Every structure is written in C-alpha cells, then in structure tokens.
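**Student:** Quick one: the structure is below, questions incoming.
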Amino acid sequence: MSTSNERLIVVMGVSGCGKSSIAKHLAGNFGYEFVEADDFHPQENLDHMASGKSLTDEMRAPWIQLLQAHLKQAAKAKRSCVMSFSGLRRLHRAQIRDLPFDTLFIHLEGCKELISDRINARTDHFMPASLLDSQYEALELASKKENLISIDVAQPLEIVSKAAISAVEQHFDST
C-alpha cells in the first residue's frame, strides 16, 4: 500500500453489477474524481465486445496502460479518485494497486441471474448479456493480501451505496 494521502477507490465486478452507479455515488459523497474505465477502451475493444466476443489479455493491455497513465496524472495532481473498473483479473488489479494511491477495491457481487436481468434491462451499453458467462469465468477471487471488500448487490441501489460508503469510511479510518 502506498504512503500517499491520495485515495483510489475501485468499484469492480462483472458487467451489469452496478459499478458505475455506485462509483458515481462514492465520488459525489467523498468529493473525488469519477473515472469510468470503460471510457478508456480503444474503439476496437468496444466493437469487439459489442459483437459478442470477449477481450483477450493482449487486447486489455493498452486499456490498462491508458488507465494507469490517467491515474498517475491524477495522483501527481493530488486528486483522489473513484474508478468503475471490471477488475476481474488479479494481474489487472495489481497493476492498478501499484499506483501511488492508498487503494481500496470494492467488489460488487451478485448471482448470474440477477446480473443477467439487469444487463437485459439496459439499452445504452456496449456489453451484451451473451458475454456474462465469460465475465464470471474471468473473475479471479481476491487473494488475502488485496484490500478488497465485497458487497452483495441483491439489494436496492441506496442500500448498496450506503454499504459502500460505510466500507470506505471504515477502511480509511483504520489505515
């Protein structure tokens, strides 16, 4: 963990779990910059996923590099951030955790049926429900050394948001 005063809260999980909504709530609550990781995907990646194909780790590499560059600039400018980021692979979480922030990951968890219903209900997103299985397959559970808190999303958004705010406050009050 960094000795930095800047904080990075990463809201992670499979597509459709509510990452962006919760991350925006946290950013607003704490006055931090909101970073939507999906905005950093090259258009080819978005097109690839929209066509129902999973990204390879090779395709994810430039995306991670762009995120790292943006977050390094934020840290240099002394800005704390909340990022909505899939974070499915341990390697990608490590690449974000190694940045100059005091970092906490919040994993939004939910059963596949619930998440599938949410994905099918939205109309403004590039990620099709057909990729949900591949997201669950790619998800690597946290190791003991990761600062990661899990929150069940089978509750109303307000309750999930309050749980996330409480988890952040407890984590940073204890560090």
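**Student:** For LYS53, give me every one of the lysines with a C-alpha distance below 22 angstrom, ignoring sequence neighbours fewer than eight places off in its own chain.
**Tutor:** LYS19, LYS112
**Student:** Using a Förster radius of 30 Å, what is the FRET efficiency between GLN73 and ALA154 based on their Cβ-Cβ separation? Nearest 0.05, please.
**Tutor:** Efficiency for this residue pair is about 0.25.
**Student:** So for the pair ALA50, SER20, with labels modelled 7 Å out along Cα→Cβ, what separation do we get in nm?
**Tutor:** The answer from the label model is 1.3 nm.
**Student:** Please name which of ILE64, ALA50, ILE22 has its Cα lying farthest along the dipole of the chain towards the positive end, using unit charges on Cβ (Lys, Arg +1; Asp, Glu -1) and the Cα centre as origin.
**Tutor:** Sorting the options by dipole projection puts first ILE64.
**Student:** Here is a follow-up. Show the residues, 5+ positions off or on another chain, whose built amide H is closer than 5 Å to the amide H of ILE149.
**Tutor:** PHE105, ILE106, HIS107
**Student:** Counting Lys +1, Arg +1, Asp -1, Glu -1, what net charge surrounds LEU8 among other residues with beta carbon under 15 Å of its beta carbon?
**Tutor:** +2
**Student:** Can you sort LEU67, LEU148, LEU157 by solvent-accessible area, 1.4 Å probe, largest first?
**Tutor:** Reading off the accessible areas and sorting them downward yields LEU157, LEU148, LEU67.
**Student:** Where the only charges are on Cβ atoms (+1 Lys, Arg; -1 Asp, Glu), what is the dipole of the chain about its Cα centre, to the nearest 20 debye?
**Tutor:** Taking the Cα centre of the chain as origin, the dipole is about 440 debye.
**Student:** Let me ask another. Non-local amide H neighbours of LEU8 (under 5 Å, H modeled in plane, Pro and chain starts lacking H): which ones?
**Tutor:** CYS81, ASP102, THR103, LEU104
**Student:** Shifting gears a bit: P(r) for segment 33-175: what percent of alpha-carbon pairs falls in each 10 Å bin, starting at zero?
**Tutor:** With 10 Å bins starting at 0, P(r) equals 10, 37, 40, 13, 0.
**Student:** Once phi is turned into ³J(HN,Hα) by the Karplus curve 6.51 cos²θ - 1.76 cosθ + 1.60 with θ = phi - 60°, what whole-Hz value does each residue of segment 151-160 show in order, with x for glycine and proline?
**Tutor:** Going residue by residue, I get 10, 6, 9, 7, 10, x, 3, 4, 6, 4 Hz, with x marking Gly and Pro.
The values are calculated or read from the model by the stated rules, or taken from the named source; none is laboratory data. Source: prediction; values computed, not measured. All Cβ positions, glycine included, derive from the backbone under ideal geometry; neighbour counts span all protein chains shown. Accessible surface areas use protein heavy atoms only, side chains included; no ligands, DNA or RNA. Shrake-Rupley method; radii C 1.70, N 1.55, O 1.52, S 1.80 Å.
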